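A short write-up of the structure that comes next.
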Amino acid sequence: MHLDLTGRTALITGSTSGIGHAIATAFARSGAHVVLNGRDEKRTAEIAALMVTETGNPDIRPVAADVSTAEGADTLIAAVPDVDILINNTGIFGAQPVFEIPDSEWTRFFEVNVLSGVRLARHYTPRMVTRGWGRVVFISSESGVMTPTEMVHYGMTKTAQLAVSRGMAQSVAGTGVTVNSVLPGPTLTPGVEELLADRIGADVPLDEAGRRFIAEERPTSLLGRLITPEEVANMVLYVSSPLASATTGGALRVDGGVAPTLIP
Ligand code: NAD
């Protein structure tokens, strides 16, 4: 199976590290024109330059913008008016007891994790429809179907993404544009390293902290270890490719079996 994205422009939000970075790298290796997004201009440019060297794809374009704001979305859209593939990856997480989460945090989580993707999809998807081809992917989480007690606000946003993605897929039925969500399970990224330091201890080696986190806090995992960002990127690459033309309105798991349900 050869996943070829030659000639397609792909925007991946929050792609200077973690899962987004792995997706951007996989897309670059498959020949896409990649739009790399982070908030800091210098860092985003540096990471794009590194990606050119690592992948041999010269067509990696850095665009710095904070996609959690309307202004940031406008900046991105002004710089790149059209894309063929939109990956709404930017997301924040962090533990906080549910009865201690203030309004401002509920709102912040919703704006960064949900509204960021809604704004970009609202601009890009109708234009994909006009051209008769496109892919929109929301990076949700297993937390969208298994609300984590330690971060209910995060779970709320990840469930919301499933509804948004399904509803958008229904709205573009039969157009050649697909909309899906991908549900990674616990994945070793810089964001999760911070979470592990907080929950398990900063002095515990990463490998062991990961296994302890899975055993203690995600015991339903069939994988028994943290997932790698590249393993998530493989699924995103497939569902963004021309080969995934019959997959739309779906919620696709890369969670190591942690969600103990048959569907999704
Ligand atoms: P991460 O924190 O390691 O990386 C996120 C990236 O997004 C960083 O480069 C950060 O600078 C960037 N970013 C954050 N806010 C931004 C903003 N407002 N505008 C532009 N860029 C911004 O995160 P990750 O672990 O790679 O998570 C990526 C996505 O995957 C998130 O949506 C997260 O909810 C989801 N996810 C992660 C896991 C996991 O275990 N790591 C599991 C399930 C789902």
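The values are calculated or read from the model by the stated rules, or taken from the named source; none is laboratory data. Note that the structure is a prediction, hence the values are computed from the model and not measured. Using ideal geometry, Cβ is built from the backbone for each residue, glycine included, and neighbour counts are taken over all protein chains shown. Note: areas computed on protein heavy atoms with side chains; ligands, DNA, RNA excluded. Shrake-Rupley method; radii C 1.70, N 1.55, O 1.52, S 1.80 Å.
Structure summary
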{"read-out": "Any hit, the range 167-182, residues being of a type outside the set (V, I, T), closer than 21 Å to Y154 by Cα, touching a Gly at 6+ places or on another chain (Cβ under 6 Å) and outside any loop (DSSP other than H, G, I, E, B)", "value": "yes"}
{"read-out": "Scan of the range 200-257 for residues that are open to solvent by 20 Å² or more (accessible area, probe 1.4 Å) and of a type in the set (D, E), ordered by number", "value": "D203, D207, E208, E216, E217, E230, E231"}
{"read-out": "Residue among V236, V232, V258 that is in a loop (DSSP other than H, G, I, E, B) and β-branched (V, I, T)", "value": "V258"}
{"read-out": "Any hit, the range 136-145, residues being more than 30 Å from L222 (Cα to Cα) and more than 13 Å from the ligand (Cβ to nearest atom)", "value": "no"}
{"read-out": "Selection status of E111, more than 10 Å from the ligand (Cβ to nearest atom), out of contact with any strand residue (DSSP E or B) (no Cβ under 9 Å at 6 or more places or on another chain) and either charged (D, E, K, R) or at pLDDT below 95 (or both)", "value": "no"}
{"read-out": "Criterion: touching a residue at least 60 places away in the same chain (Cβ under 8 Å) and outside the structural domain of E111 (by TED's automatic domain parsing) - qualifying residue of T248, T157, T178, T261", "value": "T261"}
{"read-out": "Residue list for the range 9-29, filter: assigned to a helix (DSSP H, G or I), more than 15 Å from the ligand (Cβ to nearest atom) and surrounded by fewer than 24 Cβ atoms within 10 Å (Cβ to Cβ)", "value": "R29"}
{"read-out": "Which listed residue, of V254, V258, is more than 14 Å from the chain's Cα centre (by Cα) and not small (G, A, S)", "value": "V258"}
{"read-out": "Qualifying position, being assigned by TED's automatic domain parsing to the domain that holds E105 and either away from the ligand (no atom under 13 Å from the Cβ) or surrounded by fewer than 19 Cβ atoms within 10 Å (Cβ to Cβ) (or both), among A173, A197", "value": "A173"}
